[in-house]
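> Supplied in structure tokens, the structure appears directly below.
The values are calculated or read from the model by the stated rules, or taken from the named source; none is laboratory data. The structure displayed is predicted, hence computed values, not measured ones. Backbone-built Cβ (ideal geometry, glycine too); neighbour counts: all protein chains shown.
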Amino acid sequence: MKGGATCPGCGREFPVRIAPFPTADIIIRRVKEGEEAVILVRRRNPPHGWAIPGGFVEYGERAEECAVREAEEETGLRVRLTGLLGVFSDPARDPRFHTISAVYTAEAEGDPAAGSDAAEVGSFTRGELPSDIAFDHRAILEEYFQGRRGVERHPAPPINEASRRSSPRRRGG
């Protein structure tokens with residue numbers, strides 16, 4: 001617990017819990033000239049650099065839903081989740097503030113196109129990874145390319161309409 005706040009109704013002091021921000025990232029697998037590749041986006045906003053598509057989990061949204069949504073917003077691709085690579089929580093992973101990210105793996109068909117806060121989208125093999133990769137995404141990509149793919153170990157539950165209806169609705173639409 002850090003800090004405190006005053007109740008505007010009664011004036012009582014109470015502690016405020018400062019917690020990390022939940023995020024979801026998604027490694028979209030491709031095949032490029034016979035080699036395994038992944039889709040990355042070049043960030044339009046700071047911190048700049050190439051990144052795994054992803055973003056903040058919205059209120060009432062499951063992490064899996066966030067990953068699928070962010071993939072479509074940033075790359076234009078409709079993805080099929082294949083697994084959970086892992087959860088990454090180093091307090092220094094994002095220079096802006098502490099985040100905890102669930103990183104999923106996925107497959108998609110079609111041609112990606114930059115959207116949302118992505119300035120550019122590209123497909124990269126392990127040997128082609130750009131030098132300017134944001135956050136801790138280089139380490140995450142190394143885990144992925146070293147074979148820790150999550151596909152067999154942590155299959156992601158399917159997202160269906162029934163599960164969407166059972167989760168609370170997001171505020172503000």
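> Within region 83-106, is even one residue touching a Gly at 6+ places or on another chain (Cβ under 8 Å) and over 17 Å from His137 (Cα atoms)?
yes
> OK, next. With the checklist (1) touching a residue at least 60 places away in the same chain (Cβ under 8 Å); (2) in contact with a Cys (Cβ under 8 Å, 6 or more places away or on another chain) in hand, flag the one item Val57 doesn't pass.
Val57 satisfies every listed condition except (1).
> Within the group Phe97, Phe124, which residue is touching a Pro at 6+ places or on another chain (Cβ under 9 Å) and not in a loop (DSSP other than H, G, I, E, B)?
On the way: Phe97 fails: not in a loop (DSSP other than H, G, I, E, B).
Matching residue, one of Phe97, Phe124: Phe124.
> With respect to the numbered conditions (1) surrounded by 10 or more Cβ atoms within 10 Å (Cβ to Cβ); (2) modelled with pLDDT under 95, which one is the sole condition not fulfilled by Gly55?
Among (1) surrounded by 10 or more Cβ atoms within 10 Å (Cβ to Cβ); (2) modelled with pLDDT under 95, Gly55 violates only (2).
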